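The values are calculated or read from the model by the stated rules, or taken from the named source; none is laboratory data. Nothing here was measured: the structure is a model prediction, and the numbers come from that model. A quick note on method: Cβ atoms are made from the backbone with ideal geometry, for glycine too, and the neighbour counts reach across all protein chains shown. The protein model used for the area step is the full one, side chains on, heavy atoms only, and it has no ligands, DNA or RNA in it. Shrake-Rupley method; radii C 1.70, N 1.55, O 1.52, S 1.80 Å.
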Amino acid sequence: MNDLAARLADVRARIARAAGRAGRDPAAITLVAVTKTFPADAVRDAAAAGHIDFGENKVQEALGKIDATRDLRLRWHLIGHLQSNKAKKAAQFDVIHSIDSASLLSKVDEAASALGRAPRLLVQVDLAGESTKFGAAEDDLPAIFEAARAAAAAKTVGLMIIPPAVDNPDEARPYFRRLREVRDRLVAQGVDGAMLNELSMGMSHDFEVAIEEGATLVRVGTAIFGTRRYVRSGPVGGNDPSR
Ligand SMILES: *Cc1c(COP(=O)(O)O)cnc(C)c1O
């Protein structure tokens, strides 16, 4: 087994153990391998190890890799912020985790309809006290799910959160728990549960805690592909979180 295959196997085993601790079926948890800043060859290597779900946080960078790996029949997830002028390009993804307004949802849906695509969507939530600047406030969610109900092509399936960076993964737990509670409140308010089955939460340093709190999609980059490299003049084919 090569290094990448070994790291993938290790992450999968940790997912299974976390699911076991929570009395959950590991098959209900999808590992999204985050390849931002890594070349299409990294995607190919992971695909050769049996991996199907890949995540990118920038539309343009992702489209190059989607194109370069079209022969592989992978599932692509957009996990980074989406500007509405890129809605059409984003409709190429299979899953978009970063819907944060009713108007963005409708734009993506229109683009998907026109292209004959049916992306699945998650609504990114910004819980009070977070330092991340993207995501919808809880108060905005009913209107977003109203737009989701009216969508023709795109299917909304759940919620996503990026908690503030913390040293101890257990400090992220309250955010994961609160996202699950937001979901439960929406269902109690009458939002169709089929639009709220998925919770996208957890990254390399805290995916086990997220799984214990109900994550169905975990987005893991570093633990699989290693540390991302950035240069000051710009990203190395990828993302610079400070920009
Ligand atoms: C980069 C990124 C991840 C993966 O982060 P790691 O710490 O490398 O696992 C997950 N989610 C989002 C939104 C990201 O941008």
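From the residues in segment 61-81 that are within 16 Å of the ligand (Cβ to nearest atom) and touching a residue at least 24 places away in the same chain (Cβ under 8 Å), which one is farthest from THR30 (Cα to Cα)?
Across segment 61-81, the extreme among qualifying residues is GLU61.
Counting only residues that are polar (S, T, N, Q) and under 20 Å from GLU198 (Cα atoms), how many does segment 1-56 have?
The qualifying residues number 1.
Can you tell which of LYS133, LYS89, LYS58 is over 18 Å from VAL34 (Cβ atoms), open to solvent by 30 Å² or more (accessible area, probe 1.4 Å), of a type in the set (Lys, Arg) and in contact (Cβ under 8 Å) with a residue 12 or more places away in the chain?
Testing whether each residue is over 18 Å from VAL34 (Cβ atoms), open to solvent by 30 Å² or more (accessible area, probe 1.4 Å), of a type in the set (Lys, Arg) and in contact (Cβ under 8 Å) with a residue 12 or more places away in the chain leaves just LYS89.
Only one of (1) more than 12 Å from the ligand (Cβ to nearest atom); (2) in contact (Cβ under 8 Å) with a residue 12 or more places away in the chain; (3) surrounded by fewer than 20 Cβ atoms within 10 Å (Cβ to Cβ) is not met by VAL95, so which one is it?
Of (1) more than 12 Å from the ligand (Cβ to nearest atom); (2) in contact (Cβ under 8 Å) with a residue 12 or more places away in the chain; (3) surrounded by fewer than 20 Cβ atoms within 10 Å (Cβ to Cβ), only one is false for VAL95: (3).
What number of residues within segment 138-168 satisfy the criterion of being over 16 Å from the mean Cα position of the chain (by Cα), surrounded by fewer than 18 Cβ atoms within 10 Å (Cβ to Cβ) and not small (Gly, Ala, Ser)?
9
Taking segment 186-212 as the region of interest, how many residues are over 13 Å from the mean Cα position of the chain (by Cα), charged (D, E, K, R) and open to solvent by 10 Å² or more (accessible area, probe 1.4 Å)?
3
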